[in-house]
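In what follows, a single structure is set out as structure tokens and then discussed.
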Amino acid sequence: MRLKTFATSFLSSAGLLMAGAAATAQEVSQELEIIGMPVDGATGFQPAATELARDVHGLDHLLLVIITVITLFVTGLLAWVLIRYNQKRQPTPAGFTHNSPLEVAWTVIPIIILVVIGSFSLPVLFKQQIIPEGEINIKVTGYQWYWGYEYVDEGVSFDSFMLGRDELEEFGYSQDEYLLATNTSVVVPVNTTVVMQLTGADVIHSWTVPAFGVKQDAVPGRLSQLWFSAEREGIYFGQCSELCGKDHAYMPITVKVVSQETYDAWLAAAKS
């Protein structure tokens with residue numbers, strides 16, 4: 001990842017602002033590293049920027065170890081049976097029909113494995129679903145095919161559209177961020193609990209930022225919630241992750257995690 005000087009104008013003309021917000025130019029000028037983005041040819045997770053993401057990564061690694069051990073064990077058993085009990089080595093088949101200790105073992109051992117997995121996975125799930133009190137509360141509305149954001153305690157709202165190739169440099173991005181960058185961004189301060197309420201205006205959408213370890217459907221007629229607290233300043237990209245129509249692939253998410261001072265300045269400019 002590279003460090004880049006980011007001086008992005010959050011254009012909020014009347015056509016982009018939701019009702020009640022005045023037309024204004026919202027600016028965030030700060031050196032921000034692009035942290036949360038897909039990398040061509042790479043495998044694995046994006047760097048974890050929240051406690052939730054670290055928990056998800058840790059659970060995935062634990063499950064990978066368990067699955068690897070099980071796979072190697074079963075593969076070893078198959079190889080041993082093929083070698084030990086093939087027709088050449090044992091031309092006369094065995095005549096037994098069951099083995100009670102073995103049958104008890106292959107019933108009890110999987111139960112123990114599932115209990116171990118559940119004991120680690122349920123706390124991760126509960127941490128995601130038990131929503132704390134938010135220091136910043138944002139209502140997110142999914143549209144075909146863009147996102148609308150409302151800082152409900154601050155009276156600030158705007159829509160967020162994907163940038164075209166010819167608009168990227170104007171907003172401080174490179175061509176590498178095509179299909180990822182948006183003309184306006186969710187701006188939040190670092191180490192702050194952000195609670196988002198999500199809904200859909202037309203069909204089901206899904207607000208997802210992999211580096212935060214969050215993914216929540218936005219369903220018309222319902223309010224769902226997610227929360228995160230980003231621990232590192234930078235730019236993070238996400239995508240709508242629920243098939244929502246022909247332009248589903250063109251409604252990305254941009255989140256900028258900034259210092260408290262930068263956030264206060266951005267909020268004051270947005271309110272003006």
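The values are calculated or read from the model by the stated rules, or taken from the named source; none is laboratory data. The shown structure was predicted, so the numbers you read here are calculated from the model rather than taken from an experiment. Note that each Cβ is placed from the backbone with ideal geometry, even for glycine, and that neighbours are counted across all protein chains shown. Note: accessible area is taken over every heavy atom of the protein model, side chains too, but ligands, DNA and RNA are not part of it. Shrake-Rupley method; radii C 1.70, N 1.55, O 1.52, S 1.80 Å.
Between the helical axis of 51-84 and the longest alpha-carbon principal axis of the chain there is an angle of about 20 degrees.
For the range 147-272, the Cβ-based charge dipole about the Cα centre amounts to some 360 debye (Lys, Arg positive; Asp, Glu negative; other atoms uncharged). Taking the chain as a Gaussian network of alpha-carbon nodes connected by springs under 10 Å, the highest mean-square fluctuation of the residues Thr192, Thr184, Thr107 belongs to Thr107.
Extension gain for the segment Phe120 to Phe45, taken as residue separation times 0.36 nm less the Cα-Cα distance, is 25.1 nm to one decimal. Mind checking the angle between helix 100-129 and the chain's longest principal axis? C-alpha axes, 0 to 90 degrees, to the nearest 10. On a 0 to 90 degree scale, this one is about 10.
Pairs spanning more than 26 Å between alpha-carbon atoms, out of Lys127/Lys271; Lys139/Lys215; Lys215/Lys271; Lys246/Lys271: Lys127/Lys271; Lys215/Lys271; Lys246/Lys271. Taking the Cα centre of the chain as origin and assigning +1 to Lys and Arg Cβ atoms and -1 to Asp and Glu Cβ atoms, the resulting dipole is close to 1520 debye.
Estimated at the nearest 10 Å², the accessible area of Val65 is 90 Å² with a 1.4 Å probe.
Comparing Phe126, Phe161, Phe212 in a Gaussian network model of the chain where C-alpha atoms under 10 Å apart are linked, the largest mean-square fluctuation is found at Phe126. The percentage of C-alpha pairs in the range 133-271 whose separation is greater than 27 Å is 14%. Note on Cα extents along the principal axes in Å: of the candidates [x] 57, 36, 32; [y] 56, 47, 42; [z] 88, 37, 36, the value calculated from this structure sits at [z]. Counted by Cβ distance under 13 Å from Phe237, the other residues give a net charge of -2, where Lys and Arg count +1 and Asp and Glu count -1. State the answer as a single residue: which of Val190, Asn86, Leu102 lies farthest towards the positive end of the charge dipole of the chain, with beta carbon charges of +1 for Lys and Arg and -1 for Asp and Glu, about the Cα centre. Final value for the positive-end residue is Asn86.
For the range 122-200, GluC sites (Glu not before Pro) meeting the loop criterion (DSSP other than H, G, I, E, B) and having at most 11 other Cβ atoms within 10 Å: Glu133.
The distance from the alpha carbon centre of the range 84-103 to that of the range 118-169 is 59 Å, rounded to a whole number. In the range 133-271, taking the dipole from charged Cβ atoms about the Cα centre, the farthest positive-side position among Ile235, Val258, Val152 is held by Val152. Among Leu78, Leu59, Leu125, the largest mean-square fluctuation in a Gaussian network model of the chain, built with springs joining Cα atoms closer than 10 Å, belongs to Leu78. In the chain, taking the dipole from charged Cβ atoms about the Cα centre, the farthest positive-side position among Val214, Ala269, Asn137 is held by Val214. Rounded to the nearest 10 degrees, the inclination of helix 260-271 to the longest alpha-carbon principal axis of the chain is 50 degrees.
Of the trypsin sites (Lys or Arg not before Pro) found in the range 61-129, the ones in coil according to DSSP and having at most 13 other Cβ atoms within 10 Å of their Cβ are Lys88, Arg89.
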